[in-house]
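Take a look at the structure set out below.
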Amino acid sequence: MTVAELVQRQWGDHRVGLRSHEAVLTHHQVAAGAAARAALLVDLLPRGAEPHLGVLLDNTPEFPLWLSAAALAGAAVAGINPTRRGAELARDIVHTDCRVLVTQRAYLPLLDGLPLPGVRVLVTDTDAYRALLTPFEGAEPGEAVARPVRPDSRLLLYFTSGSTGAPKAAICSQGRLAAAAGSLVSHFRLRPEDVHYICMPMFHGNAVIADWAPALAAGAGVALRARFSASRFLPDVQEFGATYFTYVGRAVQYLLATPPRPDDREHRLRLGFGTEAGAMDAARFEERFGARLVEGYGSSEGGAAIQRTPDTPTGAIGRAAPGDDLAVVDAATGEECEPAVLSPEGRLLNASAAIGELVNRGRNPFEGYWRNPEAQSARLRGGWYWTGDLFYRDTDGFLYFAGRTDDRLRVDSENLAAAVIEQILSRWDRAAGVAVYAIPDPVAGDQVMTAIALRDDAAFDPTAFQEFLAAQPDLGTKMPPRFVRLVPALPLTATNKIHRVALRREAFLCEDPVWWRPETGSPYEPLTPEAVTALHTAYAAHGRSPRGPGAPG
């Protein structure tokens, strides 16, 4: 099966297929619009050029229309992140060999002065764009093809999050996307009468692979929100009759932070699928909104997948999918980590020994990175697929997410996972959001720092916070934060993940109030200018900086 076949299947289906606050299209109109855009694309592509186009758009109807068009034409879409700027933005477009860039007027200032040789820019909300499309409006699916459409035809070049270095463009073929969509349709029993609410950005793999493509495979409708809005989530779900949505990062926490309403359960929504909500917030979401959240895992590149089964314990993601040989290993030795020791409440008691990187030692459908052999080799080193994600595994084989390898801390020679500490600190009833990250120790290794967004009616009480820490049985002796930064809201990336890179760069040298413990076990006290000066001296004495290697003190 190809995605092009799924698009063609919409032809003649006059049910509502795509809704936004600006437009309503039937499935047939979506297929017809995709066919017209496929014909325009084929007409614009220079002879011999890679059939790649960049899409720099909010979640407007044009985004899924161009995804469908690329599938019909045998072309590939590179989702361009609008939060990128200058040389980084130009690099994303040029690196993926985009000869056509589809955008909107709001993003034209981002392109001013960028070196984009040979790139034709189409601005969707203009008369000129509509005039370009007009000659092709009678096209039918399959008439205009840049390259033959096969299951192994490239369809997506989507960028992985780049916390260090330039983001990598992972390849996804039509066959892999169609298969992933079909798997979710079967697993969640998605139906033609469902409506998939897409509020996560479509330049990211989550919205396309886990939301748009399953809707296409199920024959379901799609409803679009241009950008994620916590306050508009419930009104949208009610207005569109949404039954299914996906989320990433801190989206669920922001939904829960909205004021409760008497109509919180007056909707058709039955399921949300995503990552990083956590068991506590998933339970709170279901209690408040009456819809179940399912935490899942599939690496963006397709190299490993975990399946949830009915007997999956609270907090676990699930077990390895059939055919996958997944293991949690110590990256330094390649040896499997010890099984997790869990308390009766499910709390991890041997984090240092149990947490490691998830690897797939068997077959995997990873299709590589676009023109990045070094990153591809690193991902497949030793014949295994290394996910870059931290996990631990219980004695029954269930896997639990513990964060990214980039979020590992090394405190007094002990390895810690930021996500595990976050889960513990999130239990504090005064916290609306928590981020944990490493900052350099003045001498060696790391120190634990946390940013906390307090609930609206809460104030930071250092004694109460310290009492809370002391009451947590799974908080290891190296886990309590040395520094506590109080933020009005956690900084987020465009995909609603915590922007830890920005937090690490600022360390404790920020405008926000910071509390700290001068010595291990001592009470928390405000970080004064005098204390900052003394810390600078300690860092300088060892040639280090609180902002990290190479940064000014």
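Out of the residues in region 525-553 that are among the hydroxyl-bearing types (Ser, Thr, Tyr) and in a loop (DSSP other than H, G, I, E, B), which is modelled with the highest pLDDT?
The qualifying residue modelled with the highest pLDDT is Thr528.
Looking only at region 532-551, decide whether some residue is among the β-branched types (Val, Ile, Thr), touching a residue at least 12 places away in the same chain (Cβ under 8 Å) and buried (at least 19 other Cβ atoms within 10 Å of the Cβ).
No, that holds for no residue.
Every residue in region 297-320 that is in contact with a strand residue (DSSP E or B) (Cβ under 9 Å, 6 or more places away or on another chain) and within 22 Å of Glu345 (Cβ to Cβ), please.
Within region 297-320, Arg308, Thr309, Thr312, Pro313, Gly315, Ala316, Ile317, Gly318, Arg319 meet the criteria.
Show me the strands (runs of 3 or more DSSP E) found entirely inside region 163-228 where at least 3 residues are among the hydrophobic types (A, V, I, L, M, F, W, C).
Per the criteria, 169-173, 221-224.
Answer with yes or no whether Ala38 is part of a helix (DSSP H, G or I), touching a Ser or Thr at 6+ places or on another chain (Cβ under 6 Å) and surrounded by 22 or more Cβ atoms within 10 Å (Cβ to Cβ).
no
Take the residues of region 477-516 that are basic (Lys, Arg) and at pLDDT below 95: which is farthest from Asp58 (Cα to Cα)?
Per the stated criteria, the residue is Lys478.
Could you tell me how many of the residues in region 75-116 are in a loop (DSSP other than H, G, I, E, B) and within 19 Å of Leu41 (Cβ to Cβ)?
Residues flagged as in a loop (DSSP other than H, G, I, E, B) and within 19 Å of Leu41 (Cβ to Cβ) within region 75-116 amount to 8.
Can you pull out the residues in region 492-519 that are in contact (Cβ under 8 Å) with a residue 24 or more places away in the chain and in a loop (DSSP other than H, G, I, E, B)?
Thr493, Ala494, Thr495, Asn496, Lys497, Ala507, Phe508, Leu509, Cys510, Asp512, Pro513, Arg517
Right, Gly113: closer than 22 Å to Ala73 by Cβ and either buried (at least 16 other Cβ atoms within 10 Å of the Cβ) or assigned by TED's automatic domain parsing to the domain that holds Leu53 (or both) or not?
No; evaluated as a whole, the condition is false for this residue.
Search region 30-54 for residues that are farther than 16 Å from Leu101 by Cβ and pair each with any residue that is in a helix (DSSP H, G or I) and at pLDDT below 95 when their beta-carbon atoms are under 7 Å apart and the residues are at least 6 apart or on different chains.
Taking only residues 6 or more apart or on different chains, not a single pair turns up.
In this structure, does Ala128 turn out to be assigned to a helix (DSSP H, G or I), in the same structural domain as His21 (by TED's automatic domain parsing) and surrounded by fewer than 17 Cβ atoms within 10 Å (Cβ to Cβ)?
For Ala128, the condition - assigned to a helix (DSSP H, G or I), in the same structural domain as His21 (by TED's automatic domain parsing) and surrounded by fewer than 17 Cβ atoms within 10 Å (Cβ to Cβ) - is met.
The values are calculated or read from the model by the stated rules, or taken from the named source; none is laboratory data. Treat the numbers as computed from the prediction; the structure is a model and nothing was measured. When we count neighbours, we look across all protein chains shown, and the Cβ atoms used for this are built from the backbone with ideal geometry, even at glycine.
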